[in-house]
Amino acid sequence: MVLGYAHVAGINEVLSDRDISYALSIATGSDTTRVAFHAPYILAVSVPTIEHLEVITEFRRFVLAAEEQLKSGNWMMARGGFDPKGRTIKDLLRPVSGQVSIRARLRFHPQNSYKTLPLFDVLVGEPTLLAINATRTPHVTTLSIDGGTIDVIHGATIETFYNAPTINDRMLPVRMVFEGKEIARVSVDFSRVQ
């Protein structure tokens, strides 16, 4: 699948005040507006292990953060205001400024017995671009077995971060590697996302 969004022209590395206003209007807009905005950033992958795969640019991260503030009831902050500590969404997102990430939500086979998170990587480019960071969050379920309980990892969220300039508004492969084996690959046109 090729990712595209007709109303934008390349990844923003630094958001202008106009970009921020536009992001806030999307986040506080109608459900239809939000769904239409997010759709091009969602990558279709037909592998059972990968439940969801998405691109998160600086601009989209701002929209997602404003939506999260809205869901939490922080209406002022979701509309560009301040939190109780005097911070804006831009302040909260400063640690990931200038970064593009690929986020994969994984679902493991129900009969797995993972007690530690298996190795899973999201790689961009060929040769592979150098990632800045990766976060790996296991999704744990407690099961009752033989009168006791055990924790089993039933899925995970893996997010890999790259410097936006290395992506450089071009078509690149995004590869998912599970326990050393490539299980999926999609092409993403980063020049078509904001």
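What the table shows:
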item: Members of region 139-190 found to be closer than 30 Å to residue 13 by Cα, of a type in the set (Lys, Arg) and surrounded by fewer than 15 Cβ atoms within 10 Å (Cβ to Cβ), listed by number; result: 170, 185
item: Matching residues, region 37-66, being surrounded by fewer than 20 Cβ atoms within 10 Å (Cβ to Cβ) and not hydrophobic (A, V, I, L, M, F, W, C); result: 38, 46, 48, 49, 51, 52, 54, 61
item: Some residue of region 71-84 being under 17 Å from residue 56 (Cβ atoms) and surrounded by 15 or more Cβ atoms within 10 Å (Cβ to Cβ); result: no
item: Members of region 90-108 that are without any contact (Cβ under 8 Å) to a residue 40 or more places away in the chain and more than 18 Å from the chain's Cα centre (by Cα); result: 91
item: Number of the condition not met by residue 103 [criteria: (1) of a type outside the set (Ser, Thr, Tyr); (2) buried (at least 17 other Cβ atoms within 10 Å of the Cβ); (3) at pLDDT 95 or above; (4) out of contact with any His (no Cβ under 9 Å at 6 or more places or on another chain)]; result: (4)
item: Filter result for residue 161 (more than 17 Å from residue 42 (Cα to Cα), touching a strand residue (DSSP E or B) at 6+ places or on another chain (Cβ under 6 Å) and at pLDDT 90 or above); result: no
item: Every residue from region 99-152 that is more than 17 Å from residue 52 (Cα to Cα) and among the polar types (S, T, N, Q); result: 99, 111, 112, 113, 116, 128, 133, 141, 142, 144, 149
item: Total residues in region 112-134, condition closer than 22 Å to residue 181 by Cβ and exposed (fewer than 14 other Cβ atoms within 10 Å of the Cβ); result: 9
item: Scan of region 144-169 for residues that are more than 17 Å from the chain's Cα centre (by Cα) and either under 16 Å from residue 130 (Cβ atoms) or acidic (Asp, Glu) (or both), ordered by number; result: 146, 151, 165, 166, 168, 169
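The values are calculated or read from the model by the stated rules, or taken from the named source; none is laboratory data. This structure is a prediction, so every number in the text was calculated from the model and none was measured. Here the Cβ is made from the backbone with ideal geometry for all residues, glycine too, and neighbour counts use every protein chain on show.
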